[in-house]
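Data block below; observations after.
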Amino acid sequence: MKLQLKRVYEPPADSDGMRILVDRLWPRGLSKAEAKIDFWAKEVAPSSELRRWYQHEPEKWPEFQRKYLTELQSHPGPVQELIAKIGNGRATLLFSSKEARLNNAAALKEYLETLL
């Protein structure tokens, strides 16, 4: 499995492989045709409560990662489904946040890589 990250608003590329949206909410102002999403993995996104708490405040990042990891470990089914969908292929985890490094997709990618 080869994972990469990309903002969902960036144009699709052949190198993306499977395009997987990992946000709980659909990105604003983006049609499904424009997004070219292969799979919407909203069940692996942070809970609404955690997302509202975090608010992309950098000082909360370590705590957000810890809480998000706990959520993922508490509900392993969606994570296993995601791993099965990707298989041995290439996938791009798509996110809508303007924050390119401290977002749920980055935390999810790191977690998935520990499982492989």
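None of the figures in this text is laboratory data; all of them are computed from the coordinates on show. Quick caveat: nothing in here was measured; it's all calculated off a predicted structure. Neighbour counts are summed over all protein chains in view; Cβ atoms, including those assigned to glycine, are modelled from backbone coordinates with ideal geometry.
Percent relative contact order of the chain, based on C-alpha pairs within less than 8 angstrom and at least six residues apart?
Result for the chain is 45 percent.
Altogether, the Stokes-Einstein calculation at 4 °C and 1.567 mPa s, with the Kirkwood radius of region 2-115 over Cα pairs as Rh, returns a diffusion coefficient of 91 µm²/s. Using just the helices of the chain, give the 222 nm mean residue ellipticity in deg cm²/dmol: DSSP H runs with n ≥ 4 each add -39,500 (n - 2.57), and the total is spread over all residues, rounded to 500. So the calculated ellipticity at 222 nm is -12000 deg cm²/dmol. Sparsely packed loop sites in region 7-71 (the trypsin sites (Lys or Arg not before Pro) outside DSSP H, G, I, E and B with at most 16 other Cβ atoms within 10 Å) comprise 28, 36. 3J(HN,Hα) along region 73-88, derived from phi through the Karplus expression 6.51 cos²θ - 1.76 cosθ + 1.60 where θ = phi - 60°, amounts to 6, 6, 10, x, x, x, 5, 5, 4, 4, 4, 5, 5, 6, x, 9 Hz, with x in place of Gly and Pro. For residue 6, the lysines whose Cα comes closer than 19 Å to its Cα, not counting residues fewer than 8 places off in the same chain, are 32, 36, 42, 85, 98, 109. Can you check how the C-alpha radius of gyration of region 36-96 compares to 2.2 N^0.38 Å, as a plain ratio? Ratio of Rg to 2.2 N^0.38 Å for region 36-96: 1.23.
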